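Notes for the one structure printed next.
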Amino acid sequence: MSFSIKRLMAIFQKDLKDLYRNLYVLSTVLLPLVFAFIYGRMDEVPAEIQFFLVSLTLSMVGTFLQCAIIAEEKEKNTLRGLMLSPATLPEILAGKSLVTVVITIVTLLLCIRMAGFNPDHIILVIVGIVLSLIFFLALGTWLGLVTRSVLEASVYVLPIMMIFGMSNMFIGLKEDYAFLQVLEYTPGLQLVEIASLTDVSQSWKPLLIIFAWAAGAVILSVITFRKRSFD
Amino acid sequence: MSSIIEVTHLEKVFGDKRALQDLNFQVEQGETFGFLGPSGSGKTTTIKILTGQLRKTSGEAKVLGLPAEQLNKPEYRKRFGVVTDNSGLYQRLSIFDNLKLYAQLYDVPLNRIEEVLEMVNLRNEQKTQVVKLSKGMTQRVILARALLHKPELLFLDEPTSALDPVNSKHIHTGLKELNKLGTTIFLTTHDMSEADYLCNRVAFLHKGKVQLLDTPSQLKKQFREELIQVELRDGSQLELPLAPASAAELQGYLAADQVETIYTKEPTLGDIFVEVTGRELI
């Protein structure tokens, strides 16, 4: 069956309308905006803070929103209805991700407007952010599929947000806690790595790492979705 | 008539529990087929296997000429509809918005929404938010959603269990009309009068096996006691054998204008179920 934009848009419009009335989930976008507002009042916002805001938005909005949307579909037994409709797996996943993508990008742009974002190699950084967004969305989808309710999802998503959303903050502690060095491989710190490159030809390595995260998370969420199609 | 569902030696095992064992039945195109059984007898498991939501352990299950597992593929999902007790709706959206999503997914014109809402007696409620609906109204919206794309085959798992008699009757009328238009209906229910009214044939499922399968009238004939029950005008009741030997006695009462009511003693489908399986249908 061919991919249908009409079905994708039907799911997107439904989710947008539904989310508009879901204040509990929608209020999560406020946190990155509040941080951006506070940091934005500084004379000059350090690059580390700007990248922290990007990672926080991607995880807080990208992962949590997606996770909550999918978990609620499961909790209210509506996901099975979609799975039994003519909508294909890519249409359902893309339709359900589109609303999160739109809200994440709008939140990111608002954060950047308030706190600024002017890294070196901006094009490469944007490519890295796009790949990171795919990773965070897929992670949110997977978490939503493995949890049974929005409440459970909001508990499970916390460590994820700590690890991937705040890695830029925790990495400063790596001298005291050696195990934190592993955070250097998170998408958030790979974005910093891209911006700090002196030789642009070396950018393939951090991009490849973020791509690997994204590909792994997409595969995981697709496998889990297929499994959830059966009881 | 050709078979729209063919189930042969179907088995489903969950761990060490055998949910379905050597299940055999066929559903003919255009009929309303009742699948009756108490909780835990395997009705929902059967529906899940037939709609591609659950994999069988062994045996064969063909639906619409295809192996049931293939119904999980999107291209075949337009051909059937499902209403189960765990079908959900989007609570924050209106009835119309819920149905609009599915009209778009099934590529059905939006004016079909009014038609199906009329069928379930909710035409004037289309702007109401689902969260404000009673359980019965929610059930009717779920049914309306399953009817949107005029499926060839409709699986209904206890469709009127939460409804009052007036709305049950409305749904029954709608299902009769739908069946007349050619939709085959596979119905599970506890309501024996519903099965009697709607179904061309019924199967009694107990412990994962079909115990009995026939038309309701044939089953009643088969299990009826060969008795005539007579109530006389003085309030007394008599039971006479349904045989030529009773003719003279019966004629005597009739000639003397003593008969208030007279009927053969027929069992209900519920009575037959208890007789066959030894347990109540709850």
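One line per residue, one yes/no per condition, for (1) more than 13 Å from chain B (Cβ to nearest Cβ); (2) in contact (Cβ under 8 Å) with a residue 24 or more places away in the chain; (3) hydroxyl-bearing (Ser, Thr, Tyr):
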residue	(1), (2), (3)
A:Lys76	no, no, no
A:Leu79	no, yes, no
A:Met83	no, yes, no
A:Pro90	no, yes, no
A:Gly95	no, yes, no
A:Val101	yes, yes, no
A:Thr107	yes, yes, yes
A:Cys111	yes, yes, no
A:Phe117	yes, yes, no
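If you scan the range B:223-250, which residues turn out to be within 18 Å of B:Thr268 (Cα to Cα) and exposed (fewer than 12 other Cβ atoms within 10 Å of the Cβ)? Result: B:Glu226, single match.
Considering each of A:Leu31, A:Leu26, A:Leu8, A:Leu19 in turn, give the residue that is surrounded by fewer than 24 Cβ atoms within 10 Å (Cβ to Cβ), in contact with an Asp or Glu (Cβ under 9 Å, 6 or more places away or on another chain) and either within 14 Å of chain B (Cβ to nearest Cβ) or in a helix (DSSP H, G or I) (or both).
Numbers: A:Leu31 fails: in contact with an Asp or Glu (Cβ under 9 Å, 6 or more places away or on another chain); A:Leu26 fails: in contact with an Asp or Glu (Cβ under 9 Å, 6 or more places away or on another chain); A:Leu19 fails: in contact with an Asp or Glu (Cβ under 9 Å, 6 or more places away or on another chain).
Every option except A:Leu8 fails the conditions.
So, B:Glu28, is that one in contact (Cβ under 8 Å) with a residue 60 or more places away in the chain and more than 14 Å from every other protein chain (Cβ to nearest Cβ) or not? Considered against the rule, which asks whether it is in contact (Cβ under 8 Å) with a residue 60 or more places away in the chain and more than 14 Å from every other protein chain (Cβ to nearest Cβ), B:Glu28 comes out as yes. The single condition among (1) buried (at least 23 other Cβ atoms within 10 Å of the Cβ); (2) assigned to a helix (DSSP H, G or I) that B:Phe186 does not meet is (2). What residue, among those in the range B:65-99 that are closer than 22 Å to B:Val7 by Cβ, modelled with pLDDT of 90 or more and in contact with a strand residue (DSSP E or B) (Cβ under 6 Å, 6 or more places away or on another chain), is nearest to the other protein chains (Cβ to nearest Cβ)? Within the range B:65-99, the match that is nearest to the other protein chains (Cβ to nearest Cβ) is B:Val82. Restricted to the range B:148-162, and to residues there that are surrounded by fewer than 22 Cβ atoms within 10 Å (Cβ to Cβ) and more than 19 Å from A:Met83 (Cβ to Cβ), the residue that is modelled with the lowest pLDDT is B:Ala162. A residue that is free of Cβ contacts under 8 Å to residues at least 12 places away in the same chain, within 14 Å of another protein chain (Cβ to nearest Cβ), touching a helix residue (DSSP H, G or I) at 6+ places or on another chain (Cβ under 6 Å) and not in a loop (DSSP other than H, G, I, E, B) can be found somewhere in the range B:105-120.
Scanning the range B:191-209 for residues that are touching a helix residue (DSSP H, G or I) at 6+ places or on another chain (Cβ under 9 Å) and aliphatic (A, V, I, L, M) gives B:Met192, B:Ala195, B:Leu198, B:Val202, B:Leu205.
The values are calculated or read from the model by the stated rules, or taken from the named source; none is laboratory data. Because the structure is a prediction, the values reported are computed rather than measured. Reconstructed Cβ throughout: ideal geometry from the backbone, glycine too, with neighbour counts over all protein chains shown.
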